[in-house]
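Written below as structure tokens is the structure these notes are about.
The values are calculated or read from the model by the stated rules, or taken from the named source; none is laboratory data. Given the structure is predicted, the values throughout are model-derived calculations rather than measurements. Backbone-built Cβ (ideal geometry, glycine too); neighbour counts: all protein chains shown.
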């Protein structure tokens with residue numbers, strides 16, 4: 001062989017090796033996409049099916065075109081997937097709602113590889129995530145994990161929307177549905193769209209659902225992604241999604257112009273005031289509705305699935321994955337309302353009130369006991385007006401003050417105690433005279449005993465008796 005022939009042979013071998021390497025790389029890449037869409041060869045003919053005519057007519061009726069951008073919303077509990085199309089004014093209109101043939105896992109975010117969970121949150125699909133070679137007919141990758149997921153250490157990947165009605169962590173449609181969805185996305189990319197936003201929600205964020213699942217352990221996360229859901233609802237524009245402080249941030253930016261970092265604390269943020277006001281108003285209206293539903297007896301529950309679910313319209317389909325799990329259906333687990341926590345301020349106020357009540361009780365007891373100690377002849381409480389020989393010097397101050405007691409005319413030992421402190425003495429009672437009685441050895445009737453004036457009701461009912469010598473009240477109700 002000539003030297004020229006050897007050179008040509010060497011170049012040919014080199015090119016063959018490069019081609020072989022490229023084929024091997026492509027094969028490895030296709031194997032890596034095996035989570036939800038194993039590939040067994042080029043099937044691009046499926047990927048080039050046109051958008052059905054009736055769908056194109058629907059686009060025209062809604063003021064949009066096949067090349068305009070799209071936005072996708074998916075709801076696990078309701079098993080529905082929505083395609084929204086942008087109109088000429090930049091707002092989105094709902095084009096179609098597709099029933100989901102199969103999804104797997106439970107309500108809640110995806111956290112680890114192999115948990116069969118469909119992710120929840122906001123994701124972005126680029127043209128490079130479209131897969132025309134899927135063994136599950138056609139598919140596109142949701143883009144899980146996003147920056148939020150990574151900041152929380154969530155693992156796993158290759159989560160798809162695909163055909164075949166079989167799911168291991170994906171939204172699975174029928175092949176016919178997937179051909180149309182794929183074609184709509186393809187034409188949007190052809191029209192210049194760079195990324196398709198996918199909003200994956202546990203359920204439709206209605207007051208009814210928020211009331212029923214208010215005690216679910218995932219509610220804190222759900223309220224976070226609901227903010228982005230609300231931004232879209234009030235504007236019908238794609239919300240700008242960012243991350244900082246290991247949480248979602250919507251339609252916001254750093255006040256100092258810095259770039260947000262999911263793993264770093266959030267700097268001061270600025271938002272469009274009009275949008276923020278609309279979102280706040282929507283939230284307050286829904287919170288009021290939730291409170292009304294709770295007050296009317298809506299019990300908190302948690303929904304448990306054997307393994308995901310499907311739309312009721314596919315109940316007759318028997319080629320879905322794990323049909324035995326679907327046959328069991330979701331189960332509502334009742335949850336108990338926690339006792340309302342007592343704030344530290346309320347606890348301190350309660351302790352102070354208890355201490356003040358104890359001091360008032362001690363003061364009242366001391367004031368009530370003083371007249372008893374001052375009297376040398378009465379063993380009854382002063383408020384009972386016990387009978388006995390009472391002199392002017394030993395009588396309680398109110399009797400001396402009212403002039404009803406004197407040393408020369410002691411109270412009769414046969415006087416009966418007056419009515420209780422709570423029953424005021426009537427004028428008729430005060431005008432009545434004690435019955436006359438005969439004194440032994442005398443024909444003249446005995447001198448009627450001196451009536452004892454009682455403590456006026458306004459004083460008797462307002463304050464306990466005071467010690468002798470006091471002339472003013474000190475309110476016990478400080």
Going by the structure shown, is residue 101 at pLDDT below 95, crowded, with 16+ Cβ neighbours inside 10 Å and on the phi < 0 side of the Ramachandran plot? no
For the stretch 184-201, which residues satisfy the criterion of being over 15 Å from residue 142 (Cβ atoms) and either in contact with a helix residue (DSSP H, G or I) (Cβ under 9 Å, 6 or more places away or on another chain) or part of a helix (DSSP H, G or I) (or both)? 184, 186, 187, 188, 189, 190, 193, 194
Taking the stretch 326-346 as the search range and keeping residues that are at pLDDT 85 or above and farther than 17 Å from residue 78 by Cα, which one is surrounded by the most Cβ atoms within 10 Å (Cβ to Cβ)? 335
For residues that are crowded, with 16+ Cβ neighbours inside 10 Å and touching a helix residue (DSSP H, G or I) at 6+ places or on another chain (Cβ under 7 Å), scanning just the stretch 46-64, find the one that is modelled with the lowest pLDDT. 46
Considering only the stretch 246-269, state which residues are farther than 24 Å from residue 123 by Cβ and in contact with a strand residue (DSSP E or B) (Cβ under 6 Å, 6 or more places away or on another chain). 255, 267
Per the filter on the stretch 219-243, residues on the phi < 0 side of the Ramachandran plot, in contact with a strand residue (DSSP E or B) (Cβ under 8 Å, 6 or more places away or on another chain) and either exposed (fewer than 14 other Cβ atoms within 10 Å of the Cβ) or not in a helix (DSSP H, G or I) (or both) are 237, 238, 239, 240, 241, 242, 243
Identify, from the list 143, 156, the residue that is more than 25 Å from the chain's Cα centre (by Cα), modelled with pLDDT of 95 or more and within 23 Å of residue 183 (Cβ to Cβ). 143
Kindly evaluate residue 295 against the criterion of being modelled with pLDDT of 95 or more and exposed (fewer than 10 other Cβ atoms within 10 Å of the Cβ). yes
Residues located in the stretch 142-174, provided they are closer than 25 Å to residue 306 by Cα and outside any loop (DSSP other than H, G, I, E, B): 149, 160, 161, 162, 171, 172
When residue 122 is run through (1) touching a residue at least 60 places away in the same chain (Cβ under 8 Å); (2) farther than 29 Å from residue 221 by Cβ, the failure sits at (2)
Segments classed as strands (runs of 3 or more DSSP E), wholly inside the stretch 62-102, with at least 2 members that are closer than 16 Å to residue 118 by Cα and in the same structural domain as residue 196 (by TED's automatic domain parsing): 70-75, 80-86
For the stretch 258-286, which positions are out of contact with any helix residue (DSSP H, G or I) (no Cβ under 6 Å at 6 or more places or on another chain), farther than 16 Å from residue 240 by Cβ and exposed (fewer than 13 other Cβ atoms within 10 Å of the Cβ)? 265, 268, 277, 280, 281, 284, 285
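Yes/no per residue for (1) in a helix (DSSP H, G or I); (2) under 23 Å from the mean Cα position of the chain (by Cα); (3) surrounded by 12 or more Cβ atoms within 10 Å (Cβ to Cβ):
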{"position": "290", "(1), (2), (3)": "yes, yes, yes"}
{"position": "320", "(1), (2), (3)": "no, no, yes"}
{"position": "348", "(1), (2), (3)": "yes, no, no"}
{"position": "362", "(1), (2), (3)": "yes, no, no"}
{"position": "366", "(1), (2), (3)": "yes, no, no"}
